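Please treat every number below as a calculation from the coordinates, not as lab data. It should be emphasised that the depicted structure is a prediction, and the values quoted were computed from it without experimental measurement. All Cβ positions, even for glycine, are placed from backbone atoms using ideal geometry, and neighbour counts span all protein chains on display.
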4 protein chains.
Amino acid sequence: MQKVCLVLGAGAGIGGTVGRRFAQAGYHAVLCRRSDEQGLKRMVAAIEEEGGAATGRLLNAAEDGVIEDLVADVEATVGPIGVVLFNLGAQIGNRSLVDTSYKAFELGWRLATFALFRVASSVLPLMEERGGGTLLVTSATAAMRGNAGQHSHAAAMGGRRMLCQTLNAEYAARNIHVAHVLIDGAVDAPDTLGKMLGAENFAKLRAARGKEHDGLMLPEHMAETYFHLAHQHRSAWTHELDLRAYSDLAWWNHAPG
Amino acid sequence: MQKVCLVLGAGAGIGGTVGRRFAQAGYHAVLCRRSDEQGLKRMVAAIEEEGGAATGRLLNAAEDGVIEDLVADVEATVGPIGVVLFNLGAQIGNRSLVDTSYKAFELGWRLATFALFRVASSVLPLMEERGGGTLLVTSATAAMRGNAGQHSHAAAMGGRRMLCQTLNAEYAARNIHVAHVLIDGAVDAPDTLGKMLGAENFAKLRAARGKEHDGLMLPEHMAETYFHLAHQHRSAWTHELDLRAYSDLAWWNHAPG
Amino acid sequence: MQKVCLVLGAGAGIGGTVGRRFAQAGYHAVLCRRSDEQGLKRMVAAIEEEGGAATGRLLNAAEDGVIEDLVADVEATVGPIGVVLFNLGAQIGNRSLVDTSYKAFELGWRLATFALFRVASSVLPLMEERGGGTLLVTSATAAMRGNAGQHSHAAAMGGRRMLCQTLNAEYAARNIHVAHVLIDGAVDAPDTLGKMLGAENFAKLRAARGKEHDGLMLPEHMAETYFHLAHQHRSAWTHELDLRAYSDLAWWNHAPG
Amino acid sequence: MQKVCLVLGAGAGIGGTVGRRFAQAGYHAVLCRRSDEQGLKRMVAAIEEEGGAATGRLLNAAEDGVIEDLVADVEATVGPIGVVLFNLGAQIGNRSLVDTSYKAFELGWRLATFALFRVASSVLPLMEERGGGTLLVTSATAAMRGNAGQHSHAAAMGGRRMLCQTLNAEYAARNIHVAHVLIDGAVDAPDTLGKMLGAENFAKLRAARGKEHDGLMLPEHMAETYFHLAHQHRSAWTHELDLRAYSDLAWWNHAPG
């Protein structure tokens, strides 16, 4: 039976592209996202045109039971999940404290922290029974430091990072590889950055820093590192790494004054 | 009008002792805890016997509206809150992933992360109007790294630490001092450690490492550092520090093999 | 016999001011610096006018044997060293890699890392024999992250920070308190910042951010935290803390774009 | 002309194995080590038997001019250096402060920090002229925290890590990829771990945790990640990652008490 790579947060940026990379290597990619059924169908079709196997699911991971049902259903109808990419974001842009509602703060946690806990609770015991597996978690520099305006996002990502460490501490020796991938820069992703900036500004950014200049992070190249992580030999696993474009300052650096 | 020091999580360890330290310096200490009305009354009485001012409140901070009502009520009936000590814990001991319920995971976040967000949302705008204030946050090394069995606690504390950073990033320049205090060791606290270990084991630990040996962290001495933080001049504020007993390894150290 | 506080790097900023703070509390301050005999005499005189005890030494800590002889001489002629403040800096401004000579790189290490090792090797065994002591180490955010142009400084400070941790790991349980103080901002220090900027620019900076605005770190207030660290009870020691002016961004933060 | 991969510290563990991996991909591997000419010849022969190109150099990188001459000579006689693996170690085992001589402390810095600065000063400007290159730096968890007994090693590695950051900050945007690889565990390396433990103990460790169990880090698998790093697209570079065996605790974790 084909190995399954389950992607939560499969937009046209990191999620869908990583799914496609795994499909190219023989995995059945299960691509899950909340909206844009047409976009989802296009991603599945693109994989199938390359001779790969993919399934698309439209779902809201924040809802009770949705993740749990998804895992059970994929295991029953597609196959055993060998790799999960947890790629749900919770960035809502910069908001001051008084403009960050309790609801927004809680939603950040539900999507970025609690949903990961639910995924892990649902999948890791199954992987353990089968003798191993991989959980790749996309994260952000907001997991490392909290900037102004990032109350919801940073609190959620800080929780996500610590959860990745507790999962790794419990499951690594059981042959389950948990990796925390710090994305430290702007990704060339129409479904997230594109929507946040608006079509016109995104087009400008792409013209200034995009493909020709490699100054935006290009998902097809990021996917190579995700794939590498999932295929490291267990005598040499990486738990955490950062990714940024060559032209970007690392989050810890300030430009000389 | 007397300055108010509001303590959330005022047990007989750090919380109550820090409250008493501020009362000794002329603050009105408002001590809030969830249970043990007798213990709360004893703490208030002890402060009053020293000539200090204190009020006790029994409340469940996890409940909707309780923190918000508390802040409004204290401001109206006791006085303007100058210092908050956020000292709510969320440690539930080591539990494997399969033994950590969704409810336990969520409760950790509600107490350790979301309650801090609610406190900050309620108090910081008031402090800002008055030109300044101090928010002291007790934290744990689970905010820095996630050990096995600490899924709920570490995720909650990791979120707490990032939230302290986003609050500091937004409010420091408005003269509000946010400090994150990493407690890296066992505190001589009957209400928390004592209950977790049970009476007999706690007595043994105290005999082996307690007051005579200074090998448990002693709240009356920890309180001096909390007090110092709250009275640093704004040209030299500390955002984060660690505290441990001299005889303990720092969390980042391993003993030589 | 009077306790001695030995200060290496006793300019008119942190070093001299911390020495004075300890002298006010009854320590004999031994103030050591490389140059400016007149400035050194003024600092000693200022302490003596307040009724304190102080001695000034002009010396080059980078030279072979100088630190070792100093420690032996102070112990023999002034008294047992109870507190050391290691305050030697190695900031040479921003220099590109090709403009950083081997000599400059090595000198950074000699002053910022190796001199601390020499101090520790000379003093800590004496403190251990006497049952305890304190080593306060001024450090910089260059110990936490390396910015462009900081090859020499960051490498030296990164080494300093790790050395503070190894010293703490070996000596804390022997009642010797090692504290690493991260200075994350511009200090109102004519002998260092003043010289780096030049008289005119330093005057401008002081006018814009200085005493009236508390936007430069004021040594007399920083000294309170150094003094507090040295007098923490051993059941609650701090190994590392940061200090910055309320109006400064923490090193890990970036301003919203 | 063939691309050159220059390896400093080419023992039979990480260094030689990574060199071989690059040779398999068409690089000319220049393997440099201080001693064991026979071992060096065997490594070169093994590469050549696979159809690869390799050169061995016996040299002491700590000596004045040796690194500088090596770089000039390799560029002149072998070809332009495209990748450097800096793999010099400075671990001397656990030594108390009083047993760590000034000479040992300085040697740690010379090998682990200053030699990297010399390599970077010699190679990066050449890479910049040619439009790009890669500097891979093997590092250790001693760069992240200082354990007891590690005064020399931790200070040197802490400096190494910060230097990697300052090099990255200056050179990344000039298309030179600097990566800091944290080795967090015991490597199956006869030339380093083997010598430190002695033949008998190393044999026992290999029997208990070695190849069959993947409980020692296996250089041939680590090499895949080094190779991946050197071939990441510049829109998605990693500056830092950790590597450990699946069965090892991460350095930040403590086992449940």
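By the scheme Lys and Arg +1, Asp and Glu -1, what is the net charge of all other residues having a beta-carbon under 11 Å from that of C:F86?
+2
If each label sits 7 angstrom from Cα along the C-beta direction, how far apart, in nm, is D:E49 from its counterparts in the other copies?
Copy-to-copy label distances for D:E49: 4.9, 8.2, 8.3 nm.
So what is the 222 nm mean residue ellipticity for chain B from helices alone, if each DSSP H run of at least 4 adds -39500 (n - 2.57) and you divide by all residues, rounding to the nearest 500 deg cm²/dmol?
Value at 222 nm, helices only: -13000 deg cm²/dmol.
With each pseudo-label sitting 7 Å past Cα toward Cβ, what's the A:E129-B:E48 distance in nm, one decimal?
Distance between the two pseudo-spin positions: 6.1 nm.
For the stretch D:179-242, which GluC sites (Glu not before Pro) pass both filters: DSSP loop (anything but H, G, I, E, B) and at most 13 other C-beta atoms within 10 Å?
Those satisfying the criteria are D:E212.
Once you list every other residue whose beta carbon is under 10 Å from the beta carbon of A:F202, what net charge do they have if Lys and Arg are +1 and Asp and Glu are -1?
In short, +1.
Modelled label-to-label distance, B:L59 and C:A76, 7 Å Cα→beta-carbon offset: nm?
Computed distance between label sites B:L59 and C:A76 equals 6.6 nm.
Have a look at C:L167, C:G132, C:V4 and report the one farthest towards the positive end of the charge dipole of chain C, computed about the Cα centre with Cβ charges (Lys/Arg +1, Asp/Glu -1).
Result: C:L167, furthest along the dipole toward the positive end.
Which of C:E170, A:E106 has the fewest other C-beta atoms within 10 Å, and how do the rest follow up to the most?
A:E106, C:E170
Count neighbours as other Cβ atoms within 10 Å of each site's Cβ, and list the GluC sites (Glu not before Pro) in the stretch B:2-90 that are DSSP loop with at most 12 such neighbours.
Of the GluC sites (Glu not before Pro), the ones in loops of the stretch B:2-90 whose Cβ has at most 12 other Cβ atoms within 10 Å are B:E50, B:E63.
Which pairs in the list C:K3/C:K195; A:K103/B:K3; A:K103/B:K41; C:K3/C:K41 are over 27 Å apart, alpha-carbon to alpha-carbon?
With Cα atoms farther than 27 Å apart: C:K3/C:K195; A:K103/B:K3; A:K103/B:K41.
From Cα pairs below 8 angstrom and at least 6 apart in sequence, can you work out the relative contact order of chain C, rounded to a whole percent?
After rounding, I find 19 percent.
Which FRET efficiency value, to the nearest 0.05, do you get for C:Y102 and C:E68 by plugging their Cβ-Cβ distance into 1/(1 + (r/R0)^6) with R0 = 25 Å?
For R0 = 25 Å, the calculated efficiency reads 0.45.
Just how large is the dipole of the stretch A:1-146 about the Cα centre, in debye to the nearest 20, putting +1 at every Lys and Arg Cβ and -1 at every Asp and Glu Cβ?
Dipole size: approximately 460 debye.
Exposure proxy check: C:M196, C:M43 ranked by fewest other beta carbons within 10 Å?
Least crowded to most crowded, the residues run C:M196, C:M43.
Whole-Hz Karplus ³J(HN,Hα) for the stretch B:116-122, in order, using 6.51 cos²θ - 1.76 cosθ + 1.60 and θ = phi - 60°, x for Gly and Pro?
5, 4, 5, 4, 4, 4, 7
Across 20 Å bins from 0, what is the distribution of all Cα-Cα pair distances for the protein assembly as shown, in whole percents?
13, 44, 36, 7, 0
Under a plain spin-label model, where a point goes 7 Å from the Cα along Cα-to-Cβ, how far apart in nm are C:Q38 and A:A25?
7.1
Along the principal axes of its C-alpha atoms, what lengths does the stretch A:124-257 span, in descending order and rounded to whole Å?
Its Cα atoms span 49, 31, 30 Å along the three principal axes.
Give the cross-link partners of B:K204 among the aspartates and glutamates, using a straight C-alpha distance below 14 Å as the criterion and excluding same-chain residues fewer than 8 apart.
Within the straight-line limit of under 14 Å, B:K204 reaches these aspartates and glutamates: B:D188, B:E212.
Tell me the relative contact order for the stretch A:159-232 as a rounded percent, counting alpha carbon contacts under 8 Å between residues six or more apart.
Reported as a whole number, the value is 26 percent.
In percent, what relative contact order does the stretch B:107-257 have, based on Cα pairs under 8 Å that are 6 or more apart in sequence?
So the answer I get is 24 percent.
With both partners inside the protein assembly as shown, how many of the DSSP beta bridges are antiparallel, as a percent to the nearest 5?
Looking only at bridges with both residues in the protein assembly as shown, the antiparallel portion is about 5 percent.
Counting only residues 5 or more places away or on other chains, whose amide H sits under 5 Å from the amide H of D:R57 once H atoms are built in the peptide plane?
When sequence neighbours closer than 5 places are left aside, the close amide H contacts are D:L31, D:C32, D:R33.
Nothing charged except the Cβ atoms of Lys and Arg (+1) and of Asp and Glu (-1): what's the magnitude of the dipole of the protein assembly as shown about its Cα centre? Round to the nearest 20 debye.
It works out to roughly 0 debye.
Just the C-alpha atoms of the stretch B:1-79: what Rg/Rh do they give, with Rh taken as the Kirkwood radius?
For the stretch B:1-79, the value is 0.94.
Show me, for the stretch D:238-254, the HN-Hα J-couplings you get by feeding each phi into the Karplus relation (A = 6.51, B = -1.76, C = 1.60, θ = phi - 60°), rounded to Hz, glycine and proline as x.
Karplus-based 3J(HN,Hα) across the stretch D:238-254 equals 9, 8, 9, 8, 10, 9, 7, 6, 3, 8, 9, 5, 5, 4, 7, 8, 10 Hz.
For the stretch A:94-167, give the magnitude of the charge dipole about the Cα centre (Cβ charges: +1 Lys/Arg, -1 Asp/Glu; no others), in debye to the nearest 20.
The calculated dipole for the stretch A:94-167 is roughly 140 debye.
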